[in-house]
Structure formats: structure tokens, C-alpha cells
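Remarks on the structure that follows.
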Ligand SMILES: [Zn+2]
């Protein structure tokens, strides 16, 4: 989860364009290129799929889940202007894709939608363009939300925006805790795209939806990041009920996991001195896949520490306390967890 300064919209697992990468995915390349002027491969098939099921707005769970299929409007606009000029395409995308969802685009992309289309919206060249028709994302999101409700008793209602976007996040959330996005053009959705990965990602993101306002977006500190990302991964573990081991939950290799466990007290000693820090550069060391807190360790140790804090909290308070991870402040969760990793030499 992170802040975008623009109109106070916060995206979970998101970072601005110049700071390119995606949590749990791969490092982003710079995707530049000119939009095509002839119908690209895969597009007629996409267009047919969109024409057969054109609903831009779908709901599930009695309206609790709302999905805006912005990608369908994008497919239509690209297809209908395939033989036109770039100006035609920009105009159509502006009218049918930007205007109805301007608040979303302003928050996610920032200003300059037209410029982004001209310079970076390489639809034809993107290997992920047919991914939205590979599964029902409405069903995927509704399944994750329903299962989360079954586990916690809490209902994670949200508006989801499904887009071909700038790829800053594969899945993320807005600061009000009720707006979410799937960006099919994020790294990780190309040839290796797996629906199973998507389901795992959804279980983490639904935890953010459940935590919503309790995530204290006014004071975005290292502690907030550690606890909110860690509790989301802890919830992911519960959600998958033994199907994923701890390393898999965190998206670590076995050796990365072993390293973090062996150096846990050392990592925590550093983190303890930075918990109230709000600087982006420091927070990035805990959250981003291309930053490291410890030069020898894996990235995203904030997730690891928050995961261990959540485990400590739950070990102390029992399974019925799970709901507290979504409702208490990060500080309260930490203080009541008794989390205090000991150096390996001091361990019994
Ligand atoms: Zn997250």
C-alpha cells in the first residue's frame, strides 16, 4: 500500500511512474511505443468478446462488489480507431475511457491522460492484452470477497476498476479503502500470467479492503506499512489454509525466507528506530521490490516483519482475535503483540 499525493488517493502495492515496480511481481521495464494504425493481432477476437458482453458495470454480492470494466471501453476505442489517426484515437479514448472515470484516472495516472495515450499506451504491443478475457474477474473478485467474509465475518465491499493502465500496480487500492484496481498492463501479467497468482494476489488485497480506514492514511509511517502489508500477508496465509508455506505467502524463495528468519532480530532493531518515519525513501526500503533495508537480505522486509508481528499477535490472543487485525491501529497491534525477536545466539 502506498500514497499517491495526487488528490489523496492511495494505492496499495503501488508507486508512481518514475519509481517503477510491482509488489510480488517483477521489475517494470519502460513500456513505450506508438499505438498501432492497423488492427493488431488479438484485437478482433477481443473486440468480439467485448461486443458479446459489453457491460461496463457489473455487480456481485447484492451490489457489494462493483466492477467497472474500463478495459472494454479501451478495446472498443482502439478497435474503432484502428484505421484512423492517432488524434482520432486519443479523442475517442478521452471521451469514452477518461471522461466517465476521470477521478480514477487522475488518481492513478495523475494528470496528462492524452499524453500518456500518445506516448505510452502501446496496446498492440502488449502481451497481456487478452488477459481480461481469460477468466471472469468479477467472479474472481467476488470469490475472494465471499471467502474473506466467511473467514472474518467482515464484508469487503469495494468498487473495482479493471484497466489497461500505466502498470504501476498489478492490483491495488484507493485511500478510502473502497476503491480497488486491476491493471492488466502491470509487469507479471505477460506470458507468465497465471490465474492462480491472481487469486493469491486478490486474497492479500481483500485484506486491505477489510482494513480500510483503520489503515490510518493520515499518518503513513514505516509502522503503518509494516503492519498493513504484514497483516494482509498473514490473512493470505489463513485464506489459503495450509496450501502455501510461509515463504510462498511472502513471495520469497526458501533461501530468502531462511535469511530473514536468521536475521529477524537485526532487521527489527533497524526498523524499531524508524517506525514513525514518514519519508518515502525510508518506507520504500521496507516495501519495494527494488529496494533493500539490509544489503544482504531480500527486498520487502516490511511484509516479513508485519507478518511476524501478526503471527505474534494472533499467538497471544487466539483465533477469535483475527478481526482485530482489520480494526486496530498499527501501533496497538504492535504493542499488544509482544513481538520481540531475539538474536539467534540468545534463542533457547
Ligand atoms: Zn498490500
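The values are calculated or read from the model by the stated rules, or taken from the named source; none is laboratory data. Just so it is clear, the model here is predicted, and its values are computed rather than measured. Heads up, the Cβs are rebuilt from the backbone with ideal geometry, glycines too, and the neighbour counts pull from every protein chain shown.
Figures for the structure shown
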{"quantity": "Qualifying residue in segment 298-313 (condition: surrounded by fewer than 13 Cβ atoms within 10 Å (Cβ to Cβ), outside the structural domain of residue 156 (by TED's automatic domain parsing) and farther than 21 Å from residue 188 by Cβ)", "calculated": "no"}
{"quantity": "Selected residue (criterion: farthest from residue 269 (Cα to Cα)) from residues of segment 314-337 that are away from the ligand (no atom under 16 Å from the Cβ) and either buried (at least 18 other Cβ atoms within 10 Å of the Cβ) or not assigned by TED's automatic domain parsing to the domain that holds residue 247 (or both)", "calculated": "322"}
{"quantity": "Single condition residue 167 does not satisfy, out of (1) surrounded by 17 or more Cβ atoms within 10 Å (Cβ to Cβ); (2) assigned to a helix (DSSP H, G or I); (3) in contact with a strand residue (DSSP E or B) (Cβ under 8 Å, 6 or more places away or on another chain)", "calculated": "(2)"}
{"quantity": "Evaluation of residue 132 against (1) modelled with pLDDT under 95; (2) within 15 Å of residue 205 (Cβ to Cβ); (3) assigned to a helix (DSSP H, G or I) (one fails), failing number", "calculated": "(2)"}
{"quantity": "Elements of type helices (runs of 4 or more DSSP H) in segment 198-267, at least 3 residues being touching a helix residue (DSSP H, G or I) at 6+ places or on another chain (Cβ under 6 Å), within 18 Å of residue 169 (Cβ to Cβ) and within 12 Å of the ligand (Cβ to nearest atom)", "calculated": "222-240"}
{"quantity": "The lone exception for residue 280 - which of (1) more than 15 Å from the ligand (Cβ to nearest atom); (2) closer than 12 Å to residue 306 by Cα; (3) modelled with pLDDT under 95 it fails", "calculated": "(2)"}
{"quantity": "Scan of segment 297-327 for residues that are in contact with a helix residue (DSSP H, G or I) (Cβ under 7 Å, 6 or more places away or on another chain) and in a loop (DSSP other than H, G, I, E, B), ordered by number", "calculated": "297, 298, 300"}
{"quantity": "Filter result (buried (at least 16 other Cβ atoms within 10 Å of the Cβ) and not in a helix (DSSP H, G or I)) within segment 278-291", "calculated": "288, 289, 291"}
{"quantity": "2 or more residues modelled with pLDDT of 95 or more: qualifying strands (runs of 3 or more DSSP E) within segment 1-110", "calculated": "57-60, 65-68"}
